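Asker: First the structure, then my questions, so here it is.
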Amino acid sequence: MDYKPRLREKYLNEVVPALMEQFSYKSPMQVPRINKICVNQGLGIAITDKKHIDTGIQEMTMITGQKAVSTKSKKDISNFKLRKGMPIGVRVTLRGDKMYEFLDRLISVAIPRVRDFRGIGDKGFDGRGNYTLGISEQIIFPEIDIDKISKINGVDITFVTSARSDREAYALLKEFGLPFKTK
C-alpha cells in the first residue's frame, strides 16, 4: 500500500483544476505549486543561556517531524553582546510528503487553536509569490507539552511557491485551505 498525504491528493484532484479554470492555464504544469515550507524561530535569549538552543531544536523537531538545525550569527553586534558564529535561532526546511503533512496539521489543528483568531493577514506576500506567516506562540502546536516549555517563543513560517505573482500564490494557498481574513 502506497501512502500519499491528503493535501497532495487534494492538490492534484481539486486545486489544479480550480486554478486552471481561474487563471486559464493551458497546461497543468503551469499551475503554481508549493516548493518548500521554511520554518524558523529566532532565539535571542540563547546569547546568555545556550540550553535554549537545544530546547528550540527539540521543539522544532517535534513540530515539523524533521530534525532542526541551529542558525548562527553572521557578524558581531556589540549592542546585543553578539559574536560572529554564536547560535541565535533554529530552522527547518520541509519538502515533499513532510511538507504536505506539516501544512495539513497547520491548517486543520494548529491555526484553529490560536486565541481570538479571525483569519491570517494577506500582507505577508513578497511580490514574487512567496508568503510568510508569523505565529506568536509555539504552544498552538499539539506536539508541544505546555507544562514542559520554559519560554514561549514565536515561529515564522514561509511558503515558497512557484507562482509568478502574489495573486496566483494567494489563490493557491486559499485553495489549500489557509484561512485568510475576508475584506
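The values are calculated or read from the model by the stated rules, or taken from the named source; none is laboratory data. The model shown is predicted, which means the values in this text are computed figures rather than measured ones. Here Cβ is always computed from backbone atoms with ideal geometry, including for glycine, and neighbour counts include all displayed protein chains.
Asker: From the set of residues in region 21-37 that are outside any helix (DSSP H, G or I) and charged (D, E, K, R), which is nearest to the chain's Cα centre (by Cα)?
Answerer: Across region 21-37, the extreme among qualifying residues is LYS36.
Asker: For region 27-58: of the residues being among the basic types (Lys, Arg) and modelled with pLDDT under 90, which is surrounded by the most Cβ atoms within 10 Å (Cβ to Cβ)?
Answerer: LYS50
Asker: Hey, could you check region 1-20 for residues that are part of a helix (DSSP H, G or I) and without any contact (Cβ under 8 Å) to a residue 40 or more places away in the chain and say which is surrounded by the fewest Cβ atoms within 10 Å (Cβ to Cβ)?
Answerer: Residues of region 1-20 that are part of a helix (DSSP H, G or I), as a first pass: 6-20.
Those left that are additionally without any contact (Cβ under 8 Å) to a residue 40 or more places away in the chain: 9, 12-13, 16-17, 20.
Values: GLU9: 11, LEU12: 12, ASN13: 9, VAL16: 20, PRO17: 13, MET20: 15.
Top of the filtered list is ASN13.
Asker: Would you list the strands (runs of 3 or more DSSP E) that sit entirely within region 76-183 and hold 1 or more residues that are free of Cβ contacts under 8 Å to residues at least 60 places away in the same chain?
Answerer: The qualifying strands (runs of 3 or more DSSP E) are 87-94, 131-135.
Yes/no per residue for (1) within 20 Å of LEU43 (Cβ to Cβ); (2) loosely packed, with under 15 Cβ neighbours inside 10 Å; (3) under 12 Å from the mean Cα position of the chain (by Cα):
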residue: ARG83; (1), (2), (3): yes, yes, no
residue: PHE125; (1), (2), (3): no, no, no
residue: GLY129; (1), (2), (3): no, no, no
residue: ILE139; (1), (2), (3): yes, no, no
residue: ILE146; (1), (2), (3): yes, yes, no
residue: SER150; (1), (2), (3): yes, yes, no
residue: ALA169; (1), (2), (3): no, no, no
residue: PHE180; (1), (2), (3): no, yes, no
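Asker: Here is a further query. Please state which one of ILE140, ILE120 is at pLDDT 85 or above and of a type in the set (A, V, I, L, M).
Answerer: ILE120
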